[in-house]
Amino acid sequence: MTAERERLLRRLATLPPERRAALRKSLLGDREERTWPLSTGQERLWFLQRFDPGDCAYHITWPVRLRGPVDETALAAAFTEIAARHEVLRTRFVLDGDLPAQVVDEPREVRLDRLDPAASGTGQAIVGYAGRPFDLAAAPAWRAGLLRLAADDAVLCIVLHHIVVDHWSLDVLMRELGECYNAHREGRAPLLDELPAQYRDFAVAERRRAEEGRDHLDFWAGRLAGAPPLDLPLDRPRPARWTGRGAKAGVTVPDADATRLELLARAHRATPFMALLAAWQVTLGTAAGQDDFCVGVPVAGRDRPELAPLIGYFSTTLVARADLSGDPPFAELLRRTRVSTLKALAHAGTSLDRILGALRVPRDLSRPPLCQAMFNLTHNLPTGDMLRTELGDLAVEVYPQPDLGRARVEVSLDVYRGPEGIGGRLEYSTDLFDAATAHRLAEAFARVVSRAGEDPSLRLSELGAAARNLPS
C-alpha cells in the first residue's frame, strides 16, 4: 500500500496545476478544502487565540544576526523550500462546522518582510514585528523578516506561532535553512532526507489513540483528582479575567551551588531536573503556605524516532503534583519527586486538555487552569543547529530575544545549566506581582538550591525561610 501511494503521489506531482485543481475539485465536491483534525495541543492554543486574538504569549521568536553579504533571494528561496517540505508551515486553522480544523495550502513562494529600524530603533522594530498577531484562518502562522543594519550586517527575525512549532522545531528549521540557503547559492538541490510523515499524520494518530483509550487518561485523572490551585500571596487583587500581561526577572545560581545539588541528585539516583523541580516546589510551597499544588513541566513529546526531523507542535505538559506534606527533609522530598516524575513519564502522552476535561476543572477566567506555575530545564533539546555560527558565507550570532511583555501562567521558571552555573528567567504576571516580588522569588529559589545542596537533611520549613518574605 505504501509503495502504491508513493507511485500515485509521484504521478500527481507531474500533473499541470490546472489538472491538479480539477482533480481536487472532483474529489472534494462542493467542499472547497480538505480539512484535517487539530492535535489536542493545537486545539487548546486555537481556543486561547480565539479567546484573545491579540495575545502574543504563544509567539516563538528566533532572531539571528547575519554578518556578511546576505543573499535575500537565496534566503527567501530557502524558506520557500522548507515550507514546501513541511506542510505545517502551509497550514491554516479554520472552522469546519463547529470544530477547528487544519487546511494545508499548496506550496507557494515565501517572501521576506522588510523591517525598518529607522523610526523606533532595532530592538523596538523586532518587538513590534514579533508581537504582531496572527490570523490563523487567513494565512500560515509564521513569518520571517530581514532588518538591514548595514550592507554586510542584518538581523533575520523568524516569528512562529506555537500552534505550528515547538522549541525542538527551531533546531530543525535552522538546520534546513542552512542547507537550503547553501544549495540555492551553489545552484543545486538541497541534500535533505525525505520526511517520514507530516504533522497532520501525527494529529490524526493522536486522536485515534485518545478514542481507543490508549493515552493513559485514567492514570492522570486519578493522580490529579482534587488538586487545589496554587495561591501565592499577591501584590494586588486578581483581575476577573486573565490578561497574560507579564515580565521577566533573572535567575542565577552559582556553579558551586549547582554542582552540589547535582551530586546530591546523583547520590539519590535522581536527575538534576528532579532536584531543581523539588527546589522550585519548596520555594512555591513555602511562599503559598501549601503542601499540595501542581506545577506544569514541558516535555518534548517526540517519543518516536520518525518525529525527530519534523517541524510541528509536539511538546506537551506533564503535571507534577507536589507532595510537601509532613515537613520532610529535602532528601525525602527528592525521593518523592523522583518517584512521581518517573511515574508521570511512564504515562506521558495525554494532553493537558483531556486531563482537564476528565477532572472537570471548574472554569475560572481569572487564572490558568490546574497549573498556575511552570518549571522548565532546557537540557534535553537539540540546539546544535539553532545555535549555529555560520550560514553559507555568513557569520551567525544569536540576537537577544525580544521581551513581548507576556506571561503564560502566574509564575514560570525557565532555567539552563551553563559553565558559570544555572541561569535563566522567572516569567511572572504583572497583574499579580511587582518586579520586586518576582526578584525575591527568584532569589529564594537560588537560596533553596544552595542550602539543599549543602545539607539535604534540612526540613522544608528550614529551607524555605527565604520565600516567606513575599507580600502577605
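The values are calculated or read from the model by the stated rules, or taken from the named source; none is laboratory data. Note that this is a predicted model, so its numbers are computed, not measured. Every residue, glycine as well, gets a Cβ built from its backbone with ideal geometry; the counts of neighbours run over all protein chains shown. Heads up: the accessible areas ignore ligands, DNA and RNA and are worked out on the full protein's heavy atoms, side chains in. Shrake-Rupley method; radii C 1.70, N 1.55, O 1.52, S 1.80 Å.
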Fill in: Among the candidates ARG363, ARG321, residue that is charged (D, E, K, R) and modelled with pLDDT of 95 or more
ARG321
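When the stretch 305-319 is examined, which residues are found to be among the small types (Gly, Ala, Ser) and closer than 14 Å to LEU381 by Cβ?
ALA308, SER315, listed by residue number.
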Item to complete: Answer yes or no as to whether VAL449 is closer than 29 Å to THR341 by Cα and at pLDDT 95 or above.
Response: yes
Worksheet item: Does at least one position in the stretch 324-344 carry a residue that is in a helix (DSSP H, G or I) and among the acidic types (Asp, Glu)?
Response: yes
Response to the item:
Here the residues within the stretch 111-129 that are in contact with a Leu (Cβ under 6 Å, 6 or more places away or on another chain) and touching a residue at least 40 places away in the same chain (Cβ under 8 Å) are LEU112, LEU115
Discussion item. Suppose the filter is free of Cβ contacts under 8 Å to residues at least 40 places away in the same chain, in contact with a helix residue (DSSP H, G or I) (Cβ under 7 Å, 6 or more places away or on another chain) and farther than 21 Å from LEU387 by Cβ; does LEU195 pass it?
Written reply: no
Fill in: Hits in the stretch 132-172 - residues which are closer than 22 Å to ARG200 by Cβ, over 15 Å from the mean Cα position of the chain (by Cα), open to solvent by 10 Å² or more (accessible area, probe 1.4 Å) and not small (Gly, Ala, Ser)
PHE134, ASP135, PRO140, ARG143
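Return yes when ALA320 is among the hydrophobic types (A, V, I, L, M, F, W, C) and part of a strand (DSSP E or B) and no when it is not.
yes
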Worksheet item: Out of (1) in contact (Cβ under 8 Å) with a residue 40 or more places away in the chain; (2) farther than 28 Å from ILE158 by Cα; (3) open to solvent by 30 Å² or more (accessible area, probe 1.4 Å), the odd one out for ARG266 is which?
Response: (1)
Worksheet, complete the sentence: Filter the stretch 53-98 for residues that are among the polar types (S, T, N, Q) and open to solvent by less than 40 Å² (accessible area, probe 1.4 Å); the one that is farthest from the chain's Cα centre (by Cα) is THR80
Discussion item. Go through the stretch 359-385 and report how many residues are small (Gly, Ala, Ser) and in a loop (DSSP other than H, G, I, E, B).
Written reply: 2
Worksheet item: For the stretch 191-227, what are the residues that are open to solvent by 40 Å² or more (accessible area, probe 1.4 Å) and either over 30 Å from VAL319 (Cβ atoms) or outside any helix (DSSP H, G or I) (or both)?
Response: LEU191, LEU192, ASP193, GLU194, PRO196, GLU212, GLY213, ARG214, HIS216, ALA225, GLY226
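Among GLU443, GLU462, GLU427, which is modelled with pLDDT under 95 and either surrounded by fewer than 21 Cβ atoms within 10 Å (Cβ to Cβ) or assigned to a strand (DSSP E or B) (or both)?
GLU462
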Discussion item. List pairs: first residue in the stretch 204-215 and touching a residue at least 60 places away in the same chain (Cβ under 8 Å), second residue surrounded by 15 or more Cβ atoms within 10 Å (Cβ to Cβ) and small (Gly, Ala, Ser) anywhere in the structure, Cβ distance under 7 angstrom, at least six positions apart or on different chains.
Written reply: GLU206/SER39; ASP215/GLY349
Item to complete: Answer with yes or no whether ARG50 is under 29 Å from GLU211 (Cα atoms), open to solvent by 40 Å² or more (accessible area, probe 1.4 Å) and at pLDDT 90 or above.
Response: yes
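Residue by residue, here is whether (1) within 21 Å of the chain's Cα centre (by Cα); (2) open to solvent by less than 40 Å² (accessible area, probe 1.4 Å) holds:
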position: SER315; (1), (2): yes, yes
position: ARG354; (1), (2): yes, no
position: ALA358; (1), (2): no, no
position: LEU365; (1), (2): no, no
position: GLN372; (1), (2): yes, yes
position: LEU387; (1), (2): yes, no
Discussion item. Can you go through GLY178, GLY121 and tell me which one is open to solvent by 20 Å² or more (accessible area, probe 1.4 Å) and of a type outside the set (Lys, Arg)?
Written reply: GLY121
Discussion item. Condition first: surrounded by 19 or more Cβ atoms within 10 Å (Cβ to Cβ), of a type in the set (Gly, Ala, Ser) and in contact with a Phe, Trp or Tyr (Cβ under 7 Å, 6 or more places away or on another chain). Can you find one or more residues in the stretch 389-409 that meet it?
Written reply: yes
Worksheet item: Which is in contact (Cβ under 8 Å) with a residue 12 or more places away in the chain and more than 21 Å from ASP403 (Cβ to Cβ), of VAL70, VAL64?
Response: VAL70
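I'd like to check something: does the stretch 106-117 contain any residue that is crowded, with 18+ Cβ neighbours inside 10 Å, among the β-branched types (Val, Ile, Thr) and either in a strand (DSSP E or B) or at pLDDT below 95 (or both)?
Within the stretch 106-117, not a single residue is crowded, with 18+ Cβ neighbours inside 10 Å, among the β-branched types (Val, Ile, Thr) and either in a strand (DSSP E or B) or at pLDDT below 95 (or both).
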Discussion item. If I filter the stretch 132-153 for residues that are within 20 Å of ARG44 (Cβ to Cβ), touching a His at 6+ places or on another chain (Cβ under 9 Å) and in a helix (DSSP H, G or I), do I get at least one hit?
Written reply: no
